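Please read the structure below before turning to the comments.
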Amino acid sequence: VDVINSGTLTTTGAFSSGIIAQSIGGGGGIGGSSTAKSYNVGGSSQTSVNVNMGLAGHGGGASEARKVTVINSGLITTQGFGSSGIMAMAVGGGGGVG
C-alpha cells in the first residue's frame, strides 16, 4: 500500500483520522471434517483382525500483509477524541483451523 499526500487534510469529528493506510493478510482456511472407522474381520477370537483408520481435513495457511508506505508533505490537522493524523499498519493473517 502506497499513500502520497501533498495537500491539506482537516478532520473535526471523533475518531476521524486524516490518513489510514493498511494492508491486512487473509486468514487461514478451515479444515474439512474428520472421519474414523473401525473394522473387525473374522468370526473367532483366534482369527479376528481389527483395523482402525482416521482421516482429517487440512486448514489452509494464512497470507502475509504487505509493506505500507505513507509519504506526507502536506498539512494534516485533526480535532476530536481518538483522531490521528496518520495511521499506517500491516497485519498478517491469523492461522487456520484443522
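Report the FRET efficiency, 1/(1 + (r/R0)^6), for THR77 and GLN22, where r is their Cβ-Cβ distance and R0 is 22 Å, rounded to 0.05.
0.55
Taking the full set of protein chains and a 1.4 angstrom probe, give the accessible area of ILE86 in square angstrom, rounded to the nearest 10.
The accessible area comes out at roughly 80 Å².
The values are calculated or read from the model by the stated rules, or taken from the named source; none is laboratory data. Keep in mind the model is a prediction, meaning the values are calculated, not measured. Glycine also receives a Cβ, built like all others from the backbone with ideal geometry; neighbour counts cover every protein chain displayed. With ligands, DNA and RNA removed, areas are computed over all heavy atoms of the protein, side chains included. Shrake-Rupley method; radii C 1.70, N 1.55, O 1.52, S 1.80 Å.
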